[in-house]
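Read through the structure below, which is laid out as structure tokens, and then see the notes.
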Amino acid sequence: MQRLTTEFRATRRAQVGFTMVELMAVVMIVGILALIATYSIRKYIASSKTSEATEMIGSIKAAEEAYKDETFTYLNVTNDINTFYPTNSKPGQIKVQWGGTGTGQTGFQQLGVSAAAPVLFVYACTAGAAGTAPPAPGGSAADITVGNWPSATSSVPWYVVKAKADLDGDGRYTVFVGSSFTGDIFAANN
């Protein structure tokens, strides 16, 4: 009996620890979990950045509708779909305070649109009367395409709101567009 116990202890001592295959399996599993976590965090950060644009476009749309209720027309804030406010040399890379000088400052103040914190995106809002054609959602730069966008003159007053920012610094802009034609907000490159 004493001999079996001694042999069992000697055998057990030799089996303590992990084999190389077991260690490699653990390292692979940890690596896969780290990859999934990194992807999820990047997706979460991108989502948090783009939520600013959808909230601001929603605020601008609501302000335009309130303005139309009072004046029977929409306010042409920036005069062009590719003229943006606030002035930001690197939209998406740095945040700027809403309320500085620039094209559209007076119009956005007249609408009562403001941001509680500095913004990452820049915004354009143009409007027109019945009988005029709305600009393409991408403006002169074809950065967003919407399949059923009106291309002819509109029989009703209209407005188009656009937000853009280069969120990852690659020169490709993330663009959001909203309008009086639809309640949807369209996105490209997000």
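Screening ALA63 with (1) aliphatic (A, V, I, L, M); (2) out of contact with any helix residue (DSSP H, G or I) (no Cβ under 7 Å at 6 or more places or on another chain); (3) touching a residue at least 40 places away in the same chain (Cβ under 8 Å); (4) assigned to a helix (DSSP H, G or I) gives one miss only, at (2).
Determine whether region 46-54 contains at least one residue that is of a type in the set (A, V, I, L, M, F, W, C), within 15 Å of PHE176 (Cβ to Cβ) and surrounded by 10 or more Cβ atoms within 10 Å (Cβ to Cβ).
The answer is yes; a qualifying residue exists.
Between ARG42, ARG12, the distinction of being surrounded by 10 or more Cβ atoms within 10 Å (Cβ to Cβ) and either modelled with pLDDT under 85 or in contact with a strand residue (DSSP E or B) (Cβ under 7 Å, 6 or more places away or on another chain) (or both) belongs to ARG42 only.
Restricting attention to region 83-97, the residues that are in contact (Cβ under 8 Å) with a residue 60 or more places away in the chain and either under 17 Å from LYS162 (Cα atoms) or surrounded by 14 or more Cβ atoms within 10 Å (Cβ to Cβ) (or both) add up to 4.
Take LEU35 and decide whether it is in a helix (DSSP H, G or I) and more than 16 Å from the chain's Cα centre (by Cα). Considered against the rule, which asks whether it is in a helix (DSSP H, G or I) and more than 16 Å from the chain's Cα centre (by Cα), LEU35 comes out as yes.
Scan region 66-88 for residues that are over 15 Å from ALA124 (Cα atoms) and either in contact with an Asp or Glu (Cβ under 8 Å, 6 or more places away or on another chain) or in a loop (DSSP other than H, G, I, E, B) (or both) and jot them down. Full working, then the answer.
Initially, region 66-88 is screened for residues over 15 Å from ALA124 (Cα atoms), giving 66-73.
Correct list: PHE72, THR73.
The values are calculated or read from the model by the stated rules, or taken from the named source; none is laboratory data. Predicted, not measured: the structure shown is a model, and the values here were computed from it. Heads up, the Cβs are rebuilt from the backbone with ideal geometry, glycines too, and the neighbour counts pull from every protein chain shown.
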